[in-house]
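Structure provided below as C-alpha cells; questions to follow.
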Amino acid sequence: MKLLLHIFISSLIAGCSAPGAFSGSDRSNIAAVKIDLPTVQCVMCQEFITDGLMAMDGVQTAYVNLNEEKVLVKYDKSKIALTDLDQTITKLGYQAGDVPANAEAYNNLPGCCKLPQDR
Ligand SMILES: [Cu+2]
C-alpha cells in the first residue's frame, strides 16, 4: 500500500501588532506653568477658567487655586504657546498675569465674578 503524504505548508503570518507611533504628545513636550489670576473671585470663575483652558487642544490639566489666585496648567508645548494660555484666560474676562482681561468679556461676567468695586 502506498501512503500518500500530503504536506500542507501553512504559512503563519505573524501579525506584528505593534501599536505604531503614537501620534499624540511626546512627554518631553509637556510643560507646567502657574499663571497669576489676580481678578479671580469665586467658584464660578474657577469653573469658567478651568473649562476654557481644558477646551484647548494641547492642555492636559488646568487647576485653579482660588486661595492662591493662580492656575496651574500642564500643556503640550508643541501645540500651545504660553501666550495662548494668557489669551484664552483674558478672553474669558480675567486678567492673566500682567495681561488685562478683555473688557467686553469681563462686563459679561456674572456679578459675583466681577471685582468688588464693579458689582
Ligand atoms: Cu466668579
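Since every read-out is calculated from the coordinates, none of them should be taken as a lab result. No experiment lies behind these values; they were computed from the predicted model shown. When we count neighbours, we look across all protein chains shown, and the Cβ atoms used for this are built from the backbone with ideal geometry, even at glycine.
Is there a pair in K77/K114; K91/K114; K70/K114 whose C-alpha atoms are over 20 Å apart, and which pairs would that be?
Those over the limit are K77/K114.
Once you list every other residue whose beta carbon is under 9 Å from the beta carbon of A96, what net charge do they have if Lys and Arg are +1 and Asp and Glu are -1?
-3
I would also like to ask the following. Lys and Arg at +1, Asp and Glu at -1: add these up for the other residues within a Cβ distance under 14 Å of M54 and post the number.
-3
Counting other beta carbons within 10 Å of each Cβ, put S78, S28 in order, fewest first.
With the fewest neighbours first, S78, S28 line up as S28, S78.
Can you sort V64, V43 from fewest to most other Cβ atoms within 10 Å of each residue's own Cβ?
With the sparsest Cβ surroundings first, the list reads V43, V64.
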